[in-house]
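Chemist: I'd like to ask some things about the structure below.
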Amino acid sequence: MAKGFLKIPDWFSLENQGGGVALADLSGHGQQNVVVFMVDNPPGQNRGLYRIGRNLDVGGNVTGGFTPWIDVPDWFSFENQGASIAVADIDRDGKQDLVVFLIDNPPGQNTASYRVGKALNVEGTVTGGWGPWIAIPDWFSFENQYGAIALADLDGDGSPELIVLMVDNPPGPNRGVYRIGTRLDANGNVTGAWTPWFDVPDWFSWENQGVGVAVADLSGAGKHDLIVFQIDGAVDQNQAFYKIGANLTIDGTIADWANALRILGNEGAHYTGRHVRRDDAEDAFAFAEALLDHIYVLRKRFDLFAERRAKKGRTVRGQDPCAGGPHNTSGARGRHCLVQPHVAGDVTVVVLSVLREIRVFGKRPVPVAIPFEVRRSG
């Protein structure tokens, strides 16, 4: 069995500006292969290249040899400040797809993009062709110190989500931040929505020299955990660290925000004598706006749902088991029911009924409603 680090043969670069690895069964025979990726930084334009080490044994040794280095086509950067890869069956055709991510460092503000190579085979050939470069929106950094991506189906709908991690390198301490692009289509486009950027808490580095991200169910509880890795470029010897964010969901932070606003809002709206600050009220409106964005995205899926119901001779609205008043929260047979919005008197009251999470018992989803009210003051 191999011990320590295993050398990747024929590494030709004198300077690199990013790299990554991924594991995948590319032959469909249950044998794992390692996909190795790097950014070569020669004089002039950069190159992104990958190769495949075939048939890993239990010790991680490549028993089937390496393919040659293969260029990622249309690599446009002259300077990169990070790059990464992920492999998954995005279009659900039984073949693995290669997703390549880069951070471009031109004069001025940085940008980040990814592209999808369809149907990667064990020889390293992208047999289904390459899609275009797709920009990651709202990339705010002028200087980055690496970034990484991961793919995971966070909501169980069969479509993967794209998790993007980057290190912002402003004057002063660095920040590790991530965001999620939801519901990738067969070509890798984000058809749902992008979350805001979320800070990785307690990021302590002032200089980083590499990062990574992965998603896995570490507890075996059927939930996704986020693993974030960083190399700290300390004054003397570098150090590497990782931390785990448990129970990653598409809108986990939004759920926590909703719960905090619910507590603040109820204090104000129920006349406890505690007023809601104007900035907290602004947060409530911002949350409402974000929720509406998700509603617009889901409209198309609702139309498809209604069409399916109509084909079966059923209406969208059946008998409501939660009927019994606008503020009934415990309908028939113990179901949780959504509180209806209302407006109260001489104050502005925001009442939102949101699904904080979907808890699945067996195969039956049970929505859990969080009504909250915010009275605007001042």
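The values are calculated or read from the model by the stated rules, or taken from the named source; none is laboratory data. Quick caveat: nothing in here was measured; it's all calculated off a predicted structure. Ideal geometry is used to build each Cβ from the backbone, glycine not excepted, and the neighbour counts take in all protein chains shown. Protein only, heavy atoms only, side chains kept; ligands, DNA and RNA dropped before computing areas. Shrake-Rupley method; radii C 1.70, N 1.55, O 1.52, S 1.80 Å.
Chemist: Looking at Phe142 and the list (1) without any contact (Cβ under 8 Å) to a residue 60 or more places away in the chain; (2) open to solvent by 10 Å² or more (accessible area, probe 1.4 Å); (3) closer than 25 Å to Leu226 by Cα, which single condition is not satisfied?
Modeler: The one condition Phe142 does not meet is (3).
Each row is one residue, and each column tells you yes or no for (1) open to solvent by less than 20 Å² (accessible area, probe 1.4 Å); (2) of a type outside the set (D, E, K, R).
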residue: Pro170; (1), (2): no, yes
residue: Arg175; (1), (2): no, no
residue: Thr191; (1), (2): no, yes
residue: Gly210; (1), (2): yes, yes
residue: Ala214; (1), (2): no, yes
residue: Ile227; (1), (2): no, yes
residue: Asn247; (1), (2): no, yes
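Chemist: Could I ask something else about it? Residues that are open to solvent by less than 50 Å² (accessible area, probe 1.4 Å), of a type in the set (A, V, I, L, M), in a loop (DSSP other than H, G, I, E, B) and under 18 Å from Thr111 (Cβ atoms): does the range 88-95 have at least one?
Modeler: no
Chemist: Sticking with this structure for a sec: Looking at Pro106 and the list (1) out of contact with any strand residue (DSSP E or B) (no Cβ under 7 Å at 6 or more places or on another chain); (2) within 23 Å of Leu23 (Cβ to Cβ), which single condition is not satisfied?
Modeler: Only one criterion in (1) out of contact with any strand residue (DSSP E or B) (no Cβ under 7 Å at 6 or more places or on another chain); (2) within 23 Å of Leu23 (Cβ to Cβ) is unmet by Pro106, namely (2).
Chemist: Can you find a residue in the range 107-127 that is of a type in the set (Lys, Arg), in a loop (DSSP other than H, G, I, E, B), surrounded by 20 or more Cβ atoms within 10 Å (Cβ to Cβ) and touching a residue at least 24 places away in the same chain (Cβ under 8 Å)?
Modeler: Looking for residues that are of a type in the set (Lys, Arg), in a loop (DSSP other than H, G, I, E, B), surrounded by 20 or more Cβ atoms within 10 Å (Cβ to Cβ) and touching a residue at least 24 places away in the same chain (Cβ under 8 Å), one finds at least one in the range 107-127, hence yes.
Chemist: Which residue out of Ile180, Ile103, Ile136, Ile149 is touching a Ser or Thr at 6+ places or on another chain (Cβ under 9 Å), surrounded by fewer than 22 Cβ atoms within 10 Å (Cβ to Cβ) and not hydroxyl-bearing (Ser, Thr, Tyr)?
Modeler: Exactly one residue qualifies, and that residue is Ile136.
Chemist: So Pro170 ticks every box in (1) under 30 Å from Gly53 (Cα atoms); (2) in contact (Cβ under 8 Å) with a residue 24 or more places away in the chain; (3) not in a strand (DSSP E or B) but one. Which box is left unticked?
Modeler: Of (1) under 30 Å from Gly53 (Cα atoms); (2) in contact (Cβ under 8 Å) with a residue 24 or more places away in the chain; (3) not in a strand (DSSP E or B), only one is false for Pro170: (1).
Chemist: Any idea how many residues of the range 1-53 are among the small types (Gly, Ala, Ser), within 25 Å of Gln81 (Cα to Cα) and touching a strand residue (DSSP E or B) at 6+ places or on another chain (Cβ under 9 Å)?
Modeler: Within the range 1-53, residues that are among the small types (Gly, Ala, Ser), within 25 Å of Gln81 (Cα to Cα) and touching a strand residue (DSSP E or B) at 6+ places or on another chain (Cβ under 9 Å) number 6.
Chemist: Shifting gears a bit: Take the residues of the range 65-86 that are open to solvent by less than 50 Å² (accessible area, probe 1.4 Å) and assigned to a strand (DSSP E or B): which is nearest to Pro43 (Cα to Cα)?
Modeler: Among them, the one singled out is Asn80.
Chemist: Please work out which residue is modelled with the highest pLDDT, limiting yourself to the range 19-64 and to residues that are open to solvent by less than 60 Å² (accessible area, probe 1.4 Å) and hydroxyl-bearing (Ser, Thr, Tyr).
Modeler: Among them, the one singled out is Tyr50.
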